[in-house]
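Here the structure is laid out as C-alpha cells; the discussion comes afterwards.
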Amino acid sequence: MGSRVALIGHGHLGKFHAQKAFELKGTDFTCIVDSYKPLDDIDTSSFPHVLKFDNLDQALTHFDAAIVATPTSNHFETCKKLIKNDKHVFCEKPVTEEISQADQLQSMMEEKSLVFQVGQSERFHQVWETIKSEKYQNFFGANSKIKIMRVAPFKGRATDVDVVTDLMIHDVDLICYLTGQTPKSVASRGYKYQTSHWDHVEAEFEFSSGMRAEIIVSRNYFEERRELTCTSDSGIISVDLMNCEFHSVSSDGSRDELLTYEKNDHLLNEQRLFFESIEKSTAPVVTLKEGKIAVELVKGVLSSLETQTQFRYG
C-alpha cells in the first residue's frame, strides 16, 4: 500500500478531491478532517472505512500526506502544522493569503525532505503539452500578445472572495507556465456587480521581453467562455477550452491546423503526480515557489485595481 492520505476540508472542492483520493490506485485514503461543519454532514457512504475528525491534531497519526482544501484563510496555519509534523502537502490555490506566509512555508520546507505541491489545476489541460512543444514556442516572442478569457454567468459561489483570487490566479499561473516568463507590470480595471468584491476584471500585463498578455475574468457575463489566443510574428494560436479545440495558423499561410483533444481529469492527475513525487522523491509538478509567484501576481492585480494605476512587480 502507498501513502496514507487525509483530506482536510470537505467543502465544494474537497468533495471532489475525496472522490479522486478514493479512486486513485496505490494510495490509502484514511481520513477526512473538517472543523467547519458537523461530522454527521460529511457523507462517507461511498468509502465507509474513512475516518472523520473535526480536529487536525487528532488525525495526525492516521496519514502521511494531506490534501488541503480548506478556505484560503486557513491554508497557512494548516500547512505549517503539517510541515512541522513531517507530512507531505498538496495545497489548493491560492497557497496562502499573504506572500510573507508563503515565504515562511518555504523556509520551513528547506529543513524537511517533504513534497509540497500547489493545486493549479488549469495546468492539466492536454492541449498545453502541444503549445509547450518546440513547434510552438516561437509564438511567444517579443511582439506576441496573449489573451485569456475565463467568463461565465453568475453562479452564486465563491462570493466571499474577488474574481481575481478565485479565477484569475489560474490564468496568471498559466501565462508563466506556458511562456517561462513572469510579467514586470500590470494595469487593471474592474467592476463590482453582484457582490461587494470585484466580479469582472480586465488586466494587461507587460513582460521584459516585450510580450504582452490580457486576462479577462468575470462571474457576471452573459455566457460561459474559456479561451486562449496568442497573436505573434509566427502566426496565431487559438484554444477553445470549452470545446477542446486547438487551432493554429502560420504567418506565411503554409500551415492551418485544427486539432481536437480529450478532456483530462485534472484533480485525479494532480493527485496521481503528487503521490508519484512522494514515491520517487522528485520535485512536484507545481512547486511552492510557483504557487507563491501566482499569489504575488494576484496581489499586483488587486493593487492596480485599488489604486487605478499601473503596478510594477519586483
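Quick note: the coordinates plus some simple rules give every number you see, no bench work behind them. The structure displayed is predicted, hence computed values, not measured ones. Quick reminder, even Gly has a Cβ in these numbers, built from the backbone with ideal geometry, and neighbours come from all protein chains shown.
Let me spell out the model: positive unit charges on the Cβ of Lys and Arg, negative unit charges on the Cβ of Asp and Glu, origin at the Cα centre of the chain. What dipole size does that give, in debye rounded to 20?
220 debye
Using θ = phi - 60° and the Karplus form 6.51 cos²θ - 1.76 cosθ + 1.60, what ³J(HN,Hα) does each residue of region 302-309 get, whole Hz, x for Gly and Pro?
In residue order, the calculated couplings are 5, 5, 5, 5, 5, 9, 6, 9 Hz.
Would you pull out the residues with amide H under 5 Å of E245's amide H, same chain only if 5 or more places away, H placed 1.01 Å from N?
D240
Filter the GluC sites (Glu not before Pro) in region 56-142 down to the DSSP loop ones having no more than 12 other Cβ atoms within 10 Å, then list what survives.
E98, E110, E111, E134
With all pairs of different alpha carbon atoms counted, what Kirkwood hydrodynamic radius in Å does region 4-114 show?
Hydrodynamic radius (Kirkwood, Cα only) of region 4-114 equals 14.1 Å.
DSSP loop chymotrypsin sites (Phe, Trp or Tyr not before Pro) in region 212-314 with at most 13 other Cβ atoms within 10 Å of their Cβ, which ones?
Passing sites in region 212-314 are F222.
Using 7 Å Cα-to-Cβ label points, what is the Q19/E296 separation (nm, one decimal)?
Result: 3.6 nm between the two label points.
Can you list the HN-Hα couplings for region 158-174, worked out from phi with the Karplus curve (6.51, -1.76, 1.60; θ = phi - 60°), rounded to whole Hz and with x for Gly and Pro?
Karplus-based 3J(HN,Hα) across region 158-174 equals 6, 6, 7, 10, 6, 6, 5, 5, 7, 10, 5, 4, 5, 7, 5, 5, 4 Hz.
Assuming a ≥ b ≥ c are the square roots of the Cα gyration tensor eigenvalues, decide whether the chain counts as rounded (a/c under 1.5), prolate (otherwise, with a/b larger than b/c) or oblate.
Prolate.
Where nothing but the Cβ of Lys and Arg (+1) and of Asp and Glu (-1) is charged, how large is the charge dipole of region 4-114 around its Cα centre, in debye to the nearest 20?
260 debye
Between A158 and K80, with labels modelled 7 Å along Cα→Cβ, what's the label distance in nm to one decimal, could you check?
2.6 nm
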